[in-house]
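Some notes on the structure that comes next.
The values are calculated or read from the model by the stated rules, or taken from the named source; none is laboratory data. For clarity, every value in this text was computed on a predicted model and none was experimentally measured. Reconstructed Cβ throughout: ideal geometry from the backbone, glycine too, with neighbour counts over all protein chains shown.
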Amino acid sequence: MRFFVSAAVLAFTALPALSKTANCELVADGQTWIDGPCEFTALKSGEGSFMITGGNGYFAYVNINDGEARGDWNGPDKEDRAHWLLGMLTRDGACWVNETARVCAK
């Protein structure tokens, strides 16, 4: 029985992220970088963390840990990693926002 439960847990945690097309918005420092269709990918099953990827090469993450959300994106030069900090975000409907950033997926 122990083997079955361990195998089931391992199989569940190894599931791929769930992606779908969504209508997205990414605003950073007053400029809109994504506004329209994008790929929405749910991350960390059950926590609400996600990634949006625009067709124009920009992407952003909202990572939720212990009820707090932090946003990061790949910057104005469309870098290959999201190391530009959007800051701590709060939920506003389908968006996560602060004074200088907005990440939405509808």
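Computed quantities for the displayed model
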{"quantity": "Residue check for Gly75: over 11 Å from the mean Cα position of the chain (by Cα), at pLDDT 95 or above and either assigned to a strand (DSSP E or B) or not β-branched (Val, Ile, Thr) (or both)", "calculated": "yes"}
{"quantity": "Filter pass, Glu47 being acidic (Asp, Glu) and assigned to a loop (DSSP other than H, G, I, E, B)", "calculated": "yes"}
{"quantity": "Subset of segment 74-106 that is within 15 Å of Asp35 (Cα to Cα) and of a type in the set (D, E, K, R) - its residue that is surrounded by the fewest Cβ atoms within 10 Å (Cβ to Cβ)", "calculated": "Lys106"}
{"quantity": "Selection from segment 15-63 of residues that are surrounded by fewer than 16 Cβ atoms within 10 Å (Cβ to Cβ) and β-branched (Val, Ile, Thr)", "calculated": "Thr21, Thr32"}
{"quantity": "Residue in segment 29-42 that is touching a Lys or Arg at 6+ places or on another chain (Cβ under 9 Å), assigned to a strand (DSSP E or B) and of a type in the set (Asp, Glu) present", "calculated": "yes"}
